[in-house]
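Below is one structure, written out as structure tokens; comments come after it.
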Amino acid sequence: MDKRVSVIGMGKLGAPLAASLASKGLRVIGVDAEREKIEAVNQGRAPVSEPELERLIQENRGKLSATADIEKAISDSDITFIVVGTPTEPGGGFSLRFVLSVCQKIGLALRGKQGYHLVVLTSTVMPGSTGGPVLAELEKASGKSCGRHFGLCYGPEFIALGSVIHDFLNPDFVLIGESDSRAGDLLEELYGQVCENQPPVARMNFVNAEIAKLAVNTYVTSKISFANMLARICEKVPGADVDVVTSALGRDSRIGSKYLRGAVSYGGPCFPRDNLALAALAQKLGAPGDLANAIQLFNRTQVSWLAEFVMENLPAGGTVGVLGLTYKPKTDVVEESVGLLLAHDLSDKDVSVVAYDPGVRHLGTPWAGKVQLAASARECIEVSELVVVATPWEEFLKIPPAQWARQGEPRAVVDCWRVLKLLQESEGVRYFCLGVGASPATIRSVAT
């Protein structure tokens, strides 16, 4: 396939997507309204923080460029990916204001362009959006007909920040909602060229694909929540270990091992909002959405539970150190993260909180002033009577046991991910390994 591609939106997903396509030999034009992102791409720098992104951009500077000119990008490409934000609205659904603004510009560009053009909406939207407002705006602005003059697909990605490039190039499956077979064929051919693992492809109409996107992520959150429930149970039973239990569960082909690591809660920019969106859709339709609502409620109560547990084991007037503010390692995204929500809960209870994360250099409103940032993990530990390892960054795993120890009253360490078991026998440390059954004496101090 000798196709040229344009990607509108050089953010956390768009930039890695563009770089990945270029790495597979395609000519790619990135489009963004922010001059800084355009300059970064054209100078061979990553416009956003993501592992391997800068390397791919540097290696493919001859194939990847960026511009603010949508009309020229459409004119010089055959396929356009729309990767712009769809902010969550108060009711739980997604706003199309950025998508429709882009569609209007794409349509105006298509008005004067000869030949067939494929538009792929990658941004997550509510069911009914692609075949409704999106399609209508493209046809209105272009004066052309979908299926004849241009094609339209809904092609969401199932990626995780910190591994976007790997996930895009090696997906579990490719989901395509198509306006017609010609559009679907073209997009499937493109994925066949760029994917490294020959993934299965699921093709369907728009609305089924839109529901499937929300359903996949909501189902994953149910697995995460189930594992977290098991972790709370195992903490109450001497000798129990959630990792041993979930390892057994994962061997059952009906369940699988992915996302069965009991900890405290899920976060990030996708899981929480997709879960809420599916629940909002059910409510709007008058269909039962109780399971999605229960998952979201349970997820938030895990943070409250952790805050109570911390306070029960914190000396009076003590400071809590939180190691990890990003929702997962290898990213700078703090949205809905355990560490940040915990810090917020504790500071609201007038607990002094200091935090450190290698991916976070400053905190904006409303966090500034509530949480003090330490310059290093060592500093965060030294000034704290109790430390919570909220995100399992590799850097934290390499801290020597002596740095965790405290003279006099031992320092409490709450290990949410069971990555510091070497501290179990360390002097000067009271080690709490979440998900593992403690001794009967310790169990009585665990929050219910």
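The values are calculated or read from the model by the stated rules, or taken from the named source; none is laboratory data. Quick caveat, the model's predicted, so the values are computed rather than measured. Note that we place each Cβ from the backbone using ideal geometry, even for glycine, and neighbour counts take in every protein chain shown. Areas reflect the complete protein model, heavy atoms only, side chains present, ligands, DNA and RNA absent. Shrake-Rupley method; radii C 1.70, N 1.55, O 1.52, S 1.80 Å.
Taking Cα atoms only, the orientation of helix 271-285 departs from the longest principal axis of the chain by about 70 degrees.
A dipole drawn for the chain from +1 and -1 charges on Cβ atoms has a positive end, and of 314, 327, 181 the residue lying farthest that way is 181. Counted residue by residue at 0.36 nm each, then reduced by the alpha carbon distance between them, the extension gain from residue 397 to residue 362 reaches 10.3 nm. If the elastic network links every pair of Cα atoms under 10 Å, which of 364, 250, 177 fluctuates the most in the Gaussian network model of the chain? Answer for the Gaussian network model of the chain: 364. Fully extending the segment from residue 427 to residue 160 would add 92.3 nm, taking 0.36 nm per residue of separation and subtracting the current Cα-Cα distance. Centroid-to-centroid, using Cα positions, the range 145-219 and the range 246-279 are 21 Å apart. Under conditions of 25 °C and 0.890 mPa s, the chain yields 104 µm² s⁻¹ as its translational diffusion coefficient, taking Rh as the Kirkwood radius over Cα pairs in the Stokes-Einstein equation. On C-alpha positions alone, give me the angle between the axis of helix 290-312 and the longest principal axis of the chain, in degrees, nearest 10. So the inclination is approximately 40 degrees.
Between residue 258 and residue 378, what FRET efficiency follows from the Cβ-Cβ distance if R0 is 35 Å, with the result rounded to 0.05?
Details: r = 34 Å, r/R0 = 0.97.
Working from the Cβ atoms, E equals 0.55.
A straight Cα-to-Cα reach below 12 Å connects residue 113 with the aspartates and glutamates 71, 76, 78, residues fewer than 8 places away in its own chain not being considered. Per residue of the chain, the DSSP helices (runs of n ≥ 4 H) give a summed -39500 (n - 2.57) that works out to -12000 deg cm²/dmol at 222 nm. Listed by chain and number, the aspartates and glutamates whose C-alpha is less than 17 Å from the C-alpha of residue 349, apart from same-chain residues fewer than 8 away, are 308, 312, 385.
Given that compact globular proteins tend to follow 2.2 N^0.38 Å, what is the ratio of the alpha-carbon Rg of the range 82-122 to that value?
Numbers: Rg = 12.8 Å, N = 41, 2.2 N^0.38 = 9.0 Å.
For the range 82-122, the normalised Cα radius of gyration comes out at 1.41.
Using C-alpha positions alone, give me the convex hull volume of the range 278-383 per residue in cubic angstrom. Numbers along the way, then the final one.
Working: hull volume 12.8 nm³, N = 106.
Enclosed volume per residue, from the Cα hull, is 121 Å³.
Based on Cα atoms of the range 69-177, Rg over Rh with Rh as the Kirkwood radius reads 0.98. The angle between the Cα long axis of helix 338-348 and the longest principal axis of the Cα atoms of the chain comes to about 60 degrees, rounded to the nearest 10.
Accessible surface of the chain, 1.4 Å probe: 52 percent of it comes from carbon and sulfur atoms.
At 4 °C and 1.567 mPa s, grab the translational diffusion coefficient of the range 200-239 from Stokes-Einstein with a Kirkwood Rh over Cα pairs, rounded to a whole number in µm² per second. In µm²/s, the coefficient is 104. Restricting the calculation to alpha carbons of the range 147-259 gives Rg and Dmax of 18.4, 67 angstrom. Taking amide H as placed 1.01 Å from N in the peptide plane, the amide H of residue 48 sits under 5 Å from none that are at least 5 places away or on another chain.
Listed cross-link partners 63/105; 144/284; 213/284 are compared with a 21 Å cut-off, the Cα-Cα value being larger for 63/105; 144/284.
Taking each residue as 0.36 nm, the span from residue 49 to residue 283 lengthens on full extension beyond its C-alpha to C-alpha distance by 80.6 nm.
Quick check: net charge around residue 272, other residues with Cβ under 10 Å of its Cβ, Lys/Arg +1 and Asp/Glu -1?
On the way: positive: 273, 300; negative: 274, 335, 336.
Taking every other residue near residue 272 into account, the sum is -1.
Here is the size of the range 1-122 from its Cα atoms: Rg then Dmax, 14.2, 45 Å. For the range 171-176, the Karplus equation 6.51 cos²θ - 1.76 cosθ + 1.60, evaluated at θ = phi - 60°, returns couplings of x, 5, 7, 10, 9, 10 Hz by residue, with Gly and Pro reported as x.
Antiparallel beta bridges, as assigned by DSSP with both residues in the chain, represent about 10 percent of the total such bridges.
Other residues whose C-beta falls under 15 angstrom from the C-beta of residue 325 contribute a net charge of -3, scoring Lys and Arg +1 and Asp and Glu -1. For the range 188-343, compute Rh as the Kirkwood radius over C-alpha pairs and then the Stokes-Einstein diffusion coefficient at 37 °C and 0.692 mPa s; write the answer in µm²/s, rounded to an integer. The calculation lands on 183 µm²/s.
Rounded to the nearest 5, what is the percent of antiparallel bridges among the DSSP beta bridges in the range 116-244? Numbers along the way, then the final one.
On the way: 2 of 12 bridges.
Of all bridge pairs located within the range 116-244, approximately 15 percent are antiparallel.
Residues in the chain average 44 Å² of solvent-accessible surface per residue, probe 1.4 Å, ligands and nucleic acids excluded. Straight Cα distances below 18 angstrom link residue 398 to the lysines 328, 330, 421, with same-chain residues fewer than 8 positions distant left out.
Could you sort the peptides 235-241, 305-311, 275-281 by per-residue average Cβ neighbour count (10 Å cutoff), highest mean leading?
Highest to lowest by the protection proxy: 275-281, 305-311, 235-241.
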